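Heads up: the structure comes next, in structure tokens.
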Amino acid sequence: MRRYHVTTFGCQMNAHDSERIKGMLESLGLGEAPSQEGADVLVFNTCTIREKPDTKLAAYLGDAGARKRQNPELVVAVGGCYAEAQQERLFELYPYVDVAFGPGSIPHLGEWIGAGGEAPRGRFGTHEHFAGDLPMHRERRFSAWVQVSMGCNSKCAYCIVPAVRGREQSRRPGEILAEVTRLAADGVREITLLGQNVNSWGRDLRSNLDTEFGELLRACDAVEGIERIRFTSPHPKDFREPVVTAMADCAAVCEHVHLPVQSGSSRILKAMRRTYDAERYLRLVARLRDAIPDLALGTDVIVGFPGETEADFMQTLALVEEVRFDSAYTFIYSPRQGTEAATMAEQVADEVKHDRLERLVDVVQRIAAERNAERIGRIEEVLVEGASRTDASVLRGRTRRNTTVNFAGTAEPGELVDVEIEASSSTTLRGAQRTAVAA
Ligand code: 5AD
Ligand code: SF4
């Protein structure tokens, strides 16, 4: 049997695309190899959001090139966002790559790799299918991703995603609900709705269907067996009242929002073309916290966007202090070729960016540690995932607020249990199982 190995970089959308890539290869009779050694087909599902994943990929591909010299039969396929951004140039940079394909071309992958015939070397920019329509190899038994849209119509000045993932296309609600219902029947208890901007879901369907994301949340909430609903990512500019009230009303929708702010300076937000200012973001946070008690908030922050002064950065720190995020991903601005910001004057010096990142991380971690410490003594509902990564005698799971908990207990993966929180760090909680919430 021919065997494949997929290496995935980047976001949850990419991780979900990899489930499709694997499903596709398995439907053609290939089996999964546990590592790159022993695989006949190597697939790299790439990311290009910042320079770092590009550099990491270069190292992986160097390795793949060496393997290919040893074994000329090896097929090397590069998919995802980096492939889409580089297109044919990829074959000049890495001549031993056999197949390259963009995120929209996964449905064709099988024809090229599986058949073993003469493959067109590159396929890009088609975006004709939802990953959800293809065979799938799910990585987790009780949690699943469900794609609600692809592409993005925003014009954030730093971001390469619209260039590589195309215009926004919403998946039809009937199709989404059919998939959610199928997943529930298969034992899935938690779904994460995925889109580049989930809150604008449905806008492009308006000509024949009047719906919006809040309505989709309500419909998913009504599916029997689905106990937890998450979604990522919403854009603050499109987070409207019907979604807030749906979150408040639906028992399955978790008390957690990942709400990327990017900067606390309204001047920089404007240059980023985020189309909200700091005040509007803070009003949205207040509204969400008012409607959803005990809400956990996560965010993304970029430091060193072109033109960012010390005063702008101080406003970012002030906003982070004011909101008190439960978690935050922090990034150094990375110019991406083809984006508006890459050619802006006033690029910020590397030392300044690194200094700001360090100061931001200190604040983010201190606040996250304080937020988690507030959970000590409380009972949290935990969806059990399996054994702890560091200590096999302890179980691991996630709270509704999306914090990882390691705990002493006897529950099975997929169970919802009550855990009393006894200790915390900036990223995890520790506790002990009390009673089962539901079988
Ligand atoms: N440089 C740094 N961070 C970026 N992000 C997106 N593009 C860039 C870039 N060019 C960050 C944003 C986004 C997250 C997924 O990655 O914060 O929300
Ligand atoms: Fe995901 Fe963006 Fe990276 Fe593509 S470029 S994998 S959409 S984070």
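Of note:
- Taking amide hydrogens as placed 1.01 Å from N in the peptide plane, the amide H of Val303 sits under 5 Å from those of Phe331, Ile332, Tyr333, each at least 5 positions away in sequence or on another chain.
- Working from Cα pairs under 8 Å separated by at least six residues, relative contact order for the chain is 10 percent.
- Extension gain (nm, one decimal) between Tyr329 and Ser425, 0.36 nm per residue minus Cα-Cα: 32.9 nm
- In the elastic network of the chain, a GNM with C-alpha springs shorter than 10 Å, the most mobile of Glu190, Glu227, Glu73 is Glu73.
- Per-residue Cβ neighbour counts within 10 Å put Glu241, Glu224, Glu422 in the sequence Glu224, Glu241, Glu422, beginning with the fewest.
- The distance between label points at Glu310 and Asp290 comes to 3.8 nm (points 7 Å beyond Cα on the Cα→Cβ vector).
- Residues with amide H under 5 Å from that of Arg3, placed H, sequence gap 5 or more: Gly31, Asp40, Val41
- Over the stretch 205-317, Cα pairs under 8 Å with separation of 6+ residues give a relative contact order of 27 percent.
- Residue order, fewest to most beta carbons within 10 Å, for Phe239, Phe91, Phe305: Phe91, Phe239, Phe305
- Its Cα centre serving as origin, the stretch 3-123 has a Cβ charge dipole (Lys and Arg +1, Asp and Glu -1) of approximately 220 debye.
- Sorted fewest first by neighbouring Cβ atoms within 10 angstrom, Phe325, Phe101, Phe331 come out as Phe331, Phe325, Phe101.
- Available extension along the chain between Ile379 and Asp362 is 3.3 nm, counting 0.36 nm per residue and deducting the alpha carbon span.
- Annotation: cysteines of the chain without a disulfide-compatible partner (Cβ-Cβ under 4.7 angstrom) are Cys11, Cys47, Cys81, Cys152, Cys220, Cys250, Cys254.
- For the stretch 259-267, Karplus couplings with θ = phi - 60° (6.51, -1.76, 1.60), whole Hz, Gly/Pro x: 10, x, 9, 6, 7, x, 9, 5, 5
- Helical segments meeting 30 Å axial Cα length and Kyte-Doolittle -1.0 threshold in the chain (DSSP H): 350-373
- Anchor Lys22: lysines whose Cα lies under 23 Å away (excluding residues fewer than 8 positions away in-chain): Lys56, Lys68
- Dipole size of the chain about its Cα centre, with +1 on Lys/Arg Cβ and -1 on Asp/Glu Cβ: approximately 320 debye, rounded to the nearest 20.
- The lysines whose alpha-carbon is closer than 26 Å to the alpha-carbon of Lys155, local same-chain residues fewer than 8 away aside, are Lys52, Lys237, Lys270, Lys353.
- Between the beta carbons of Ala157 and Thr410, assuming R0 = 51 Å, the FRET efficiency works out to 0.50 to the nearest 0.05.
- Spin-label model distance (nm) - Ala349 vs Gln12, 7 Å beyond Cα toward Cβ: 4.0
- Between the listed residues Leu183, Ser200, Ala163, the Cα displaced farthest toward the positive end of the dipole of the stretch 160-203, a dipole computed from Cβ unit charges relative to the Cα centre, is found at Ala163.
- Dipole in debye (nearest 20) - the stretch 379-433, about Cα centre, beta carbon charges: Lys, Arg +1; Asp, Glu -1: 260
- Working note: Karplus 6.51/-1.76/1.60 with θ = phi - 60° gives the stretch 86-103 the couplings 8, 6, 4, 4, 3, 6, 6, 5, 10, x, 7, 6, 8, 9, 10, 8, x, x Hz, where Gly and Pro are set to x.
- Estimated 222 nm signal from helices in the chain, with DSSP H stretches of n ≥ 4 weighted -39500 (n - 2.57), rounded to 500: -10000 deg cm²/dmol
Here, each number is a calculation from the coordinates, and none is a lab measurement. No experiment lies behind these values; they were computed from the predicted model shown. Cβ: placed from backbone, ideal geometry, glycine included. Neighbour counts: every protein chain shown.
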